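Just below is one structure, and these are the notes that go with it.
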Amino acid sequence: MRTLTSQEIEILSANGCFADDWQQIQVTDPFDARRVRGVNFCGRIELGSNAGQIEVVDGFKRPCGLRNVTLSNVRIGNDSLVEDTTLVACTVADGEDLVIPVLNEAGDGNVLLSPQLTSQLAAMQIRYASDETFTERLRDLFRQVEGYDARMVSIGHNTCISGAGKLVNTHVGNYCHIGENVILEGCYVTESSTVTNGFMAEHSLFFANTFVANGEACAAFCGPFSASHHKGSLLIGVEVSFYNAGSATNFSNHAYKMGPLHYGTLQRGSKTASGGHLLLPAQVGPFSMCMGKIQTHPDTRRMPFSYIIASGDEAMLIPARAMLTVGLFRDVEKWPKRDKRPLDDRPSLISHQWLSPYTLQAIRQGKEDLEALLNGHPDTETYRYHGCRIRRHSLMTGIKIYDLALRLAGNPAPTEPWSDLGGMLLPLADEKALVEAVKSGKIGTLAALNDALRDIFVRNDAPVEFDAEAKKEWYSFVALDARKEFELGDVDEDVLEQFLKKLQ
């Protein structure tokens with residue numbers, strides 16, 4: 001990088017730009033000062049090349065550059081556009097790190113923000129925050145990266161920020177879009193994610209193909225493929241991934257009166273229906289659906305593919321039912337296709353499989369739990385399970401569906417525990433071994449830690465091979481669900497036929 005030439009300073013001044021100190025601005029060639037207009041530069045500024053163009057909406061490109069924005073202590077990558085934005089700034093003091101509290105809104109900061117942060121590294125910081133040795137060693141690995149400076153925030157390459165409000169102490173990664181009237185404070189947005197249409201967030205993380213608009217987030221961990229499109233939706237104190245928030249979704253982290261201490265997890269593939277309201281703490285198993293105001297603090301981690309439906313002050317659990325739906329089939333088919341990240345720029349590791357050792361262990365546990373309830377009370381019509389009630393018919397059906405899932409995999413479910421680390425599935429023993437390697441110094445750089453994570457990812461990301469007969473049975477249930485939806489009368493017959501062809 002280099003400092004501005006006197007001619008470039010003249011052009012910038014003529015274009016309505018101001019700087020506290022022009023010598024604090026560094027640029028990367030090729031740099032065109034004519035593409036910078038109406039900018040207030042404060043503190044240290046590093047600007048990437050602005051010679052290219054960027055697509056701001058589908059089919060419409062604009063020249064890269066800076067227009068009508070105030071920047072304070074900011075790095076901007078190559079071929080990005082920042083325009084009509086009130087403020088992009090870093091206010092971190094000398095000698096401090098940029099650390100935010102994620103999940104526990106009222107807790108101590110547990111995630112150090114850095115341009116090198118991935119979904120896995122964020123998940124590790126949160127999960128092992130109570131391990132002081134690990135936390136400090138991992139933060140040291142971030143600090144050792146060349147160019148690390150907590151006093152500056154970064155805007156990545158090929159990123160568009162247009163019409164936003166304020167971005168304070170917020171990093172934005174590569175290939176992202178920050179749109180109209182967005183306000184972000186202490187956030188991290190990265191890897192082809194979009195935040196737009198007045199979304200407001202504080203102390204939240206948005207990873208890999210996440211899309212959020214219109215609503216709010218606070219202390220939220222939005223892992224890969226999280227989506228919230230609607231006004232009135234509030235993501236607070238919750239960890240999600242492969243997630244879809246229905247309109248007016250809400251989470252309450254003031255369960256009692258001791259402040260916003262509570263948090264929860266909706267494991268991968270879960271959804272909240274329109275008007276869904278979940279009182280935290282709560283733990284929801286993979287690929288589940290929450291409907292209504294759920295006040296019972298359920299823990300359904302061992303009951304994947306379930307419906308949790310509020311019924312007055314109680315919650316009804318329908319185990320396994322979501323496994324037989326068109327929705328699951330469409331979801332697992334679309335996620336790999338919607339990965340917008342360039343093939344050579346995918347730092348967060350994403351396991352797309354719906355049937356995996358991770359979900360199979362929960363399926364096995366769920367089947368065992370349901371059978372134990374049935375055997376313990378064979379004549380009961382309603383069973384209680386971790387904040388939920390299960391009707392006898394639902395319990396019996398759940399056992400059958402979980403049995404189908406185990407047969408579909410063709411192999412016994414793993415007995416060793418598996419983990420979902422920010423969208424990457426791996427044996428828990430491997431995860432803990434990485435933690436110990438960081439603590440001992442065996443892993444001594446951030447690059448080495450990322451390499452170790454990738455090695456584990458490659459070793460464990462092979463898809464489960466489906467048993468042919470069980471697959472045929474599963475497809476028949478999905479086809480039946482599709483026909484039921486067609487019978488509602490608002491699905492064209494050709495749409496149904498095209499879907500059914502996928503099941504042949």
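General observations
- Residue satisfying all of: in the stretch 48-69; outside any loop (DSSP other than H, G, I, E, B) and more than 29 Å from the chain's Cα centre (by Cα); farthest from His157 (Cα to Cα) among these: Asn68
For (1) modelled with pLDDT under 95; (2) hydroxyl-bearing (Ser, Thr, Tyr); (3) over 26 Å from Asn181 (Cβ atoms); (4) assigned to a loop (DSSP other than H, G, I, E, B), each residue gets a yes or a no:
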| position | (1), (2), (3), (4) |
| --- | --- |
| Val102 | no, no, no, yes |
| Glu105 | yes, no, no, yes |
| Ser114 | no, yes, yes, yes |
| Leu117 | no, no, no, yes |
| Met124 | no, no, yes, no |
| Thr133 | no, yes, yes, no |
| Leu138 | no, no, yes, no |
| Gly147 | yes, no, yes, yes |
| Ala150 | no, no, yes, yes |
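- With respect to (1) under 23 Å from Met424 (Cα atoms); (2) in contact with a strand residue (DSSP E or B) (Cβ under 9 Å, 6 or more places away or on another chain); (3) surrounded by fewer than 22 Cβ atoms within 10 Å (Cβ to Cβ); (4) of a type in the set (S, T, N, Q), the lone exception for Ser306 is condition (3).
- Residue match in the stretch 429-447 (condition: more than 22 Å from the chain's Cα centre (by Cα), closer than 30 Å to Ile294 by Cα and either in a helix (DSSP H, G or I) or of a type in the set (A, V, I, L, M, F, W, C) (or both)): no
- Counting residues in the stretch 152-166 that are in contact with a strand residue (DSSP E or B) (Cβ under 7 Å, 6 or more places away or on another chain), in a loop (DSSP other than H, G, I, E, B) and free of Cβ contacts under 8 Å to residues at least 40 places away in the same chain gives zero.
- Yes/no for Arg459 being surrounded by fewer than 18 Cβ atoms within 10 Å (Cβ to Cβ), assigned to a helix (DSSP H, G or I) and touching a residue at least 12 places away in the same chain (Cβ under 8 Å): no
- Pick from the stretch 182-235, criterion in a loop (DSSP other than H, G, I, E, B) and among the charged types (D, E, K, R), ranking: nearest to Leu121 (Cα to Cα): Glu191
- Qualifying positions in the stretch 369-381 - touching a residue at least 24 places away in the same chain (Cβ under 8 Å) and either charged (D, E, K, R) or surrounded by 21 or more Cβ atoms within 10 Å (Cβ to Cβ) (or both): Asp369, Leu370, Glu371
- Flag if Arg330 is surrounded by fewer than 20 Cβ atoms within 10 Å (Cβ to Cβ) and over 26 Å from Lys484 (Cβ atoms): no
- Subset of the stretch 236-268 [outside any strand (DSSP E or B) and buried (at least 21 other Cβ atoms within 10 Å of the Cβ)]: Gly237, Ser241, Phe242, Tyr243, Thr249, Asn253, His262, Tyr263, Gln267, Arg268
- Near pairs, Cβ below 6 angstrom, 6+ apart or cross-chain, from the stretch 3-31 (in contact (Cβ under 8 Å) with a residue 12 or more places away in the chain) to any residue that is polar (S, T, N, Q) and surrounded by 16 or more Cβ atoms within 10 Å (Cβ to Cβ): Thr28/Ser49; Pro30/Ser49
- Scope the stretch 375-428; condition of a type in the set (A, V, I, L, M), over 30 Å from Ala468 (Cα atoms) and more than 28 Å from the chain's Cα centre (by Cα); matching residues: Ile390
- Taken together, Asp97, Asp79 contain a single residue that is touching a residue at least 40 places away in the same chain (Cβ under 8 Å), touching a helix residue (DSSP H, G or I) at 6+ places or on another chain (Cβ under 7 Å), of a type in the set (Asp, Glu) and outside any helix (DSSP H, G or I), which is Asp97.
- Of the residues Leu98, Leu12, Leu103, the single one that is buried (at least 17 other Cβ atoms within 10 Å of the Cβ) and touching a Gly at 6+ places or on another chain (Cβ under 7 Å) is Leu103.
- Of the residues making up the stretch 314-336, those that are modelled with pLDDT under 95 and charged (D, E, K, R) are Arg330, Asp331, Glu333, Lys334.
- Annotation note: Cβ proximity below 8 Å between a residue of the stretch 274-287 that is within 18 Å of Leu261 (Cα to Cα) and outside any loop (DSSP other than H, G, I, E, B) and a residue that is modelled with pLDDT under 95 and hydroxyl-bearing (Ser, Thr, Tyr) (sequence gap 6+ or interchain) occurs for His277/Ser252; Leu278/Ser252; Leu279/Ser252.
The values are calculated or read from the model by the stated rules, or taken from the named source; none is laboratory data. Every value quoted in this text rests on a predicted model; they were computed, and no experiment measured them. In this analysis, Cβ positions are derived from the backbone assuming ideal geometry, glycine residues included, and neighbour counts consider all displayed protein chains.
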